[in-house]
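One structure is given here, and the rest of the page talks about it.
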Ligand SMILES: [Zn+2]
């Protein structure tokens, strides 16, 4: 990166967590459906992740990987060489077991001490697996509060990437301190925006896999963002499992999986060839921005 003001920066981020996971009443951690089984599944996550690694390699893209520590451990135990596959990418943290820190669904808000224990354990696990520092954090369900932010600060994280902010309305994709939580921790927020029909849209690609949007809508939005967010960072997010199962955990048909992969590849390939943008990792963008 030469001059940060010359282009729009794009980050491809993955939330690597259990298949179709959801928060459950009465417990802190997330489960895969059917929740009565009390289990998590990672078969779809594994397949999706393998495909995405292949595409990132093909298009020569460095991404930011938010690993749920439990999922990372299970993938490694299952024989996946995550450190090698993740070599070119940023390793960031997506909690220990996808905890519902705020207790919005579980009904059990976690106190600061247990949040600290959880995130600290997750960070240790990831740093042991990958033998690298983790600087970034994305909260499960993208929900943070003052306690989570304070814990991140204490544990030496450099940024959080959980908030969603509307692009354009005075925000051009730049990092900002989490003053609302009385903190100087920097936020690399996820963008939201309006589509051509004025309907709100997020940069999570799940809507494509659930057949609610098409890939060209996301490309249009990047073209818009290029005009209003010069020097800013536009973060895309993907759940690897979502290429293979829907948000209720039902397997997609082979045709749908093929379509999902095609859509994702089409977005990556178009971004790679688009003028006026640069694809980068979130940590690298931040490093350069701080300079
Ligand atoms: Zn997640």
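The values are calculated or read from the model by the stated rules, or taken from the named source; none is laboratory data. Please read all numbers here as calculations on a predicted model, not as lab measurements. Heads up, the Cβs are rebuilt from the backbone with ideal geometry, glycines too, and the neighbour counts pull from every protein chain shown.
Brief remarks follow.
- Taking the conditions (1) within 15 Å of the ligand (Cβ to nearest atom); (2) touching a residue at least 40 places away in the same chain (Cβ under 8 Å); (3) in contact with a helix residue (DSSP H, G or I) (Cβ under 6 Å, 6 or more places away or on another chain) in turn, residue 130 satisfies each one other than (1).
- Counting only residues that are touching a strand residue (DSSP E or B) at 6+ places or on another chain (Cβ under 9 Å) and on the phi > 0 side of the Ramachandran plot, segment 168-195 holds 2 of them.
- Meets criteria (under 17 Å from residue 240 (Cβ atoms) and either out of contact with any strand residue (DSSP E or B) (no Cβ under 8 Å at 6 or more places or on another chain) or crowded, with 24+ Cβ neighbours inside 10 Å (or both)) for residue 98: yes
- The set of residues in segment 34-60 being surrounded by 20 or more Cβ atoms within 10 Å (Cβ to Cβ) and outside any helix (DSSP H, G or I) consists of 40, 42.
- Residue count for segment 28-54 satisfying the condition of being more than 22 Å from residue 65 (Cβ to Cβ), in contact (Cβ under 8 Å) with a residue 60 or more places away in the chain and within 16 Å of the ligand (Cβ to nearest atom): 2.
- Residue in segment 153-167 that is surrounded by fewer than 19 Cβ atoms within 10 Å (Cβ to Cβ), touching a residue at least 40 places away in the same chain (Cβ under 8 Å) and touching a helix residue (DSSP H, G or I) at 6+ places or on another chain (Cβ under 9 Å) present: no
- Lone unmet requirement of (1) in a loop (DSSP other than H, G, I, E, B); (2) under 25 Å from residue 189 (Cβ atoms) for residue 87: (2)
- Residue that is nearest to residue 285 (Cα to Cα) [pool: residues in segment 195-209 that are within 18 Å of the chain's Cα centre (by Cα) and without any contact (Cβ under 8 Å) to a residue 40 or more places away in the chain]: 203
- Qualifying residue in segment 106-113 (condition: surrounded by fewer than 24 Cβ atoms within 10 Å (Cβ to Cβ) and in contact with a helix residue (DSSP H, G or I) (Cβ under 6 Å, 6 or more places away or on another chain)): yes
- Test result for residue 88, farther than 30 Å from residue 262 by Cα and more than 15 Å from the ligand (Cβ to nearest atom): no
- Selected residue [under 15 Å from the mean Cα position of the chain (by Cα), at pLDDT 95 or above and assigned to a loop (DSSP other than H, G, I, E, B)] from 192, 162, 183, 237: 162
- Residue match in segment 101-122 (condition: within 16 Å of the ligand (Cβ to nearest atom), in contact (Cβ under 8 Å) with a residue 40 or more places away in the chain, in a helix (DSSP H, G or I) and in contact with a strand residue (DSSP E or B) (Cβ under 6 Å, 6 or more places away or on another chain)): yes
- Unique residue being within 14 Å of the ligand (Cβ to nearest atom) and farther than 19 Å from residue 151 by Cα when the list is 72, 63: 72
- Every residue from segment 1-27 that is within 13 Å of the ligand (Cβ to nearest atom) and surrounded by fewer than 22 Cβ atoms within 10 Å (Cβ to Cβ): 22
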